[in-house]
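**Student:** After the structure tokens below, expect a handful of questions from me.
The values are calculated or read from the model by the stated rules, or taken from the named source; none is laboratory data. This is a predicted model, so every value here is computed, not measured. Here the Cβ is made from the backbone with ideal geometry for all residues, glycine too, and neighbour counts use every protein chain on show. Surface areas here come from the heavy atoms of the whole protein model, side chains and all, with no ligands, DNA or RNA. Shrake-Rupley method; radii C 1.70, N 1.55, O 1.52, S 1.80 Å.
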Amino acid sequence: MKIKHPVTRRSVDARQASDQASSQPTNTRTFPKGFYWGVGTSSYQIEGAWNENGKGVSIWDTYTHKPGNIKNNDTGDLANDHYHRYREDVALMKEIGVNSYRFSIAWPRIFPEGTGQANPKGLDFYSRLVDELKAAGIEPFATLYHWDLPQTLQDKYGGWQSKDTAKAFADYAGYIAEHLGDRVKHFFTINEFRSFVEGGYQGFDTQVGGGKVLHLGGAPGLKLSNGDLNQVRHHAVLGHGLAVKAIRSRGRSGTKVGFAENMRIAVPVIETPEYIKAAERATRELNADFTTVMLEGRYTEEYLKETGKDAPKFTDDELKTIASPLDFVGINVYKPNTYVAPSDDPLGYRHIPINASHPKMQSEWHVFDPQCLYWAPHHVQSLWGAKSIFITENGCAASDVIADDGKVYDSDRVMFLRSYLAQLQRATADGVPVSGYFLWSGQDNFEWIYGYGNRFGLIYVDFKTQKRTPKLSAQWFREAVRRNAVV
Ligand code: PNW
């Protein structure tokens with residue numbers, strides 16, 4: 001209901017102010033000064049050039065070349081041809097206005113055999129990319145492992161089944177810090193421990209037509225027992241810790257390092273202190289194998305009890321290495337993993353089922369709830385006292401098409417970003433130290449076992465012609481970045 005006021009000089013001023021407000025909202029949700037706004041990609045998903053200029057074969061080259069592993073038998077052989085088009089891609093990012101970019105380095109481009117002789121042409125590509133970014137005013141954030149392990153290390157050691165792979169990873173990480181550390185100040189060691197370990201070393205079976213069962217997951221396509229899988233988890237976090245140490249000793253003094261994990265997120269059903277405590281406890285236990293051990297230097301009692309005879313074998317020294325001090329914590333946040341309520345049992349929480357009608361984004365795993373982007377960084381601060389947190393991935397797939405006017409109207413992605421980012425802003429307003437946000441993804445790309453069907457980009461890519469078309473969401477994101485606020 002509108003309330004009428006007598007027209008006085010004062011209310012006229014007020015009316016003018018409110019007219020302005022309607023065209024330019026004044027209650028925008030502003031992010032902290034110096035906030036990093038970026039987009040993310042990974043080497044195998046965009047680069048292509050899988051066998052050019054001395055690059056070694058990666059486990060994803062091997063895996064995608066085997067028919068039946070990937071939807072439509074898509075491969076990353078060419079992908080977005082970013083290896084040759086990186087200048088155009090940096091220019092497109094500059095147009096969106098981002099001040100940072102999270103990309104990953106393909107280990108087999110640098111060390112074709114995983115260890116030993118470096119390939120100077122591999123390093124040269126990333127060096128040129130970094131120069132191009134810096135010239136465009138975009139801060140480079142490099143991920144060292146986004147799943148494309150050199151095939152040689154798979155053949156020789158069984159990949160992450162062996163500590164030798166963790167050691168080789170640290171050598172490679174130190175080499176990169178030494179050679180790019182003059183211009184790259186931020187490194188993420190490993191991307192999504194859980195995804196590549198569980199997908200690649202155990203995977204899952206799925207029924208296909210004619211009673212046939214298909215084994216899916218990702219490279220290297222193994223099917224290990226639970227005990228062996230837990231040992232792989234341990235070697236992955238050990239690799240992270242060894243890499244942190246190598247980066248500290250071989251990088252520059254200002255070099256900063258952390259990890260990027262898709263931690264499981266428990267959301268309190270109701271925001272009361274009891275529910276929030278329950279959600280924190282659940283988040284700590286649900287991530288016992290990766291985030292918790294990296295930030296606490298111990299496996300929780302509950303994890304060791306639950307895994308029993310399948311628990312990983314480890315030493316105290318290894319735990320110390322795994323929990324090497326970090327400069328920031330990176331988390332990939334897409335969905336809540338569970339809703340929880342307080343409980344009287346010793347764990348202090350219970351899971352609430354997610355209703356079958358709960359809204360989802362296009363990916364069948366993608367439960368929609370913006371609250372997770374509030375609670376994830378909140379838990380990381382309250383559980384582990386993190387001083388700096390990056391949202392290393394957030395975004396969604398959508399059924400994007402080129403409209404008759406040549407544009408891409410991804411209204412659902414705009415809705416997704418607006419509502420998720422509003423919750424992230426709420427966290428920063430509450431004092432949660434979030435330093436930056438990387439939207440997944442800068443462009444549509446090779447979405448692992450789903451091939452090119454699942455489009456996550458701000459920029460639409462026609463994979464036949466390599467034509468790039470910024471979507472409506474790119475326009476929306478540009479405005480958010482420009483105002484440093486959710487609009
Ligand atoms: C991440 N889930 O994977 C990866 O880091 C990216 O390479 C990938 O393209 C992106 O997210 C989109 O999928 C995920 O089931 C895989 O919740 C699975 C889940 C989340 C992220």
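**Student:** If GLY451 satisfies all but one of (1) within 15 Å of the chain's Cα centre (by Cα); (2) more than 23 Å from GLY97 (Cβ to Cβ); (3) open to solvent by less than 10 Å² (accessible area, probe 1.4 Å), what's the number of the condition it fails?
**Tutor:** (1)
**Student:** Regarding the range 403-412, can at least one residue be identified that is buried (at least 22 other Cβ atoms within 10 Å of the Cβ), in contact with a helix residue (DSSP H, G or I) (Cβ under 6 Å, 6 or more places away or on another chain), touching a residue at least 40 places away in the same chain (Cβ under 8 Å) and not in a loop (DSSP other than H, G, I, E, B)? Walk me through it before giving the result.
**Tutor:** Quick first cut of the range 403-412, residues buried (at least 22 other Cβ atoms within 10 Å of the Cβ) only: 408, 410.
After this cut, where a residue has to be in contact with a helix residue (DSSP H, G or I) (Cβ under 6 Å, 6 or more places away or on another chain) as well, the list is 410.
This time we only want the ones that are touching a residue at least 40 places away in the same chain (Cβ under 8 Å), so: 410.
Imposing the further condition that a residue be not in a loop (DSSP other than H, G, I, E, B) reduces the set to none.
No, the range 403-412 has no match at all.
**Student:** Could you say whether any residue in the range 85-105 is over 19 Å from ASP444 (Cβ atoms) and either open to solvent by less than 30 Å² (accessible area, probe 1.4 Å) or assigned to a strand (DSSP E or B) (or both)?
**Tutor:** yes
**Student:** Within the range 108-131, how many residues turn out to be assigned to a helix (DSSP H, G or I) and crowded, with 19+ Cβ neighbours inside 10 Å? Show your work before the answer.
**Tutor:** Residues of the range 108-131 assigned to a helix (DSSP H, G or I): 108-110, 120-131.
Next, from what is left, pick out any that are crowded, with 19+ Cβ neighbours inside 10 Å: 108-110, 122, 125-126, 129-130.
Total meeting the criteria: 8.
**Student:** Is there any pair linking a residue in the range 131-151 that is more than 16 Å from the ligand (Cβ to nearest atom) to one that is among the β-branched types (Val, Ile, Thr), with Cβ under 6 Å and at least six apart or on different chains, and which?
**Tutor:** Close Cβ pairs (under 6 Å, with a partner that is among the β-branched types (Val, Ile, Thr)) amount to GLU132/VAL90; LEU133/VAL90; ALA136/VAL90; PRO140/VAL130; PRO140/VAL184; GLN151/VAL57; GLN151/ILE59; GLN151/THR62.
**Student:** Among the listed residues ASP317, ASP310, which satisfies the condition of being free of Cβ contacts under 8 Å to residues at least 60 places away in the same chain, of a type in the set (Asp, Glu) and farther than 24 Å from ALA376 by Cα?
**Tutor:** On the way: ASP310 fails: free of Cβ contacts under 8 Å to residues at least 60 places away in the same chain.
Of ASP317, ASP310, the one residue that is free of Cβ contacts under 8 Å to residues at least 60 places away in the same chain, of a type in the set (Asp, Glu) and farther than 24 Å from ALA376 by Cα is ASP317.
**Student:** Right, next: If you scan the range 314-364, which residues turn out to be of a type in the set (Asp, Glu), open to solvent by 90 Å² or more (accessible area, probe 1.4 Å) and either within 23 Å of PHE196 (Cα to Cα) or part of a strand (DSSP E or B) (or both)?
**Tutor:** Going residue by residue through the range 314-364, those that are of a type in the set (Asp, Glu) are 316-318, 327, 344-345, 364.
When the remaining residues are screened for being open to solvent by 90 Å² or more (accessible area, probe 1.4 Å), the result is 316-317, 344, 364.
The answer is GLU364, and nothing else.
Conditions tested, residue by residue: (1) part of a loop (DSSP other than H, G, I, E, B); (2) away from the ligand (no atom under 13 Å from the Cβ); (3) touching a residue at least 40 places away in the same chain (Cβ under 8 Å).
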site: LEU417; (1), (2), (3): no, yes, yes
site: THR428; (1), (2), (3): no, yes, yes
site: VAL432; (1), (2), (3): yes, yes, yes
site: LEU439; (1), (2), (3): no, no, yes
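**Student:** Within the range 413-427, track down each residue that is of a type outside the set (D, E, K, R) and either surrounded by fewer than 20 Cβ atoms within 10 Å (Cβ to Cβ) or within 19 Å of SER363 (Cα to Cα) (or both).
**Tutor:** Initial filter on the range 413-427 (of a type outside the set (D, E, K, R)): 414-417, 419-425, 427.
The answer is VAL414, MET415, PHE416, LEU417, SER419, TYR420, ALA422.
**Student:** Right, here's the next one. Are any residues in the range 189-210 at pLDDT 95 or above and either open to solvent by 60 Å² or more (accessible area, probe 1.4 Å) or within 11 Å of the ligand (Cβ to nearest atom) (or both), and if so, which ones?
**Tutor:** ILE190, ASN191, GLU192, PHE193, ARG194, SER195, PHE196, GLU198, GLY199 - these are the residues of the range 189-210 that are at pLDDT 95 or above and either open to solvent by 60 Å² or more (accessible area, probe 1.4 Å) or within 11 Å of the ligand (Cβ to nearest atom) (or both).
**Student:** Now for a separate question. List the pairs whose first member sits in the range 186-208 and is hydroxyl-bearing (Ser, Thr, Tyr), whose second member is part of a helix (DSSP H, G or I), and whose Cβ atoms are under 6 Å apart, counting only residues at least 6 apart or on separate chains?
**Tutor:** Going by the 6 Å Cβ cut-off, the qualifying pairs are THR189/HIS240; THR189/ALA243; TYR201/LEU229; TYR201/VAL232.
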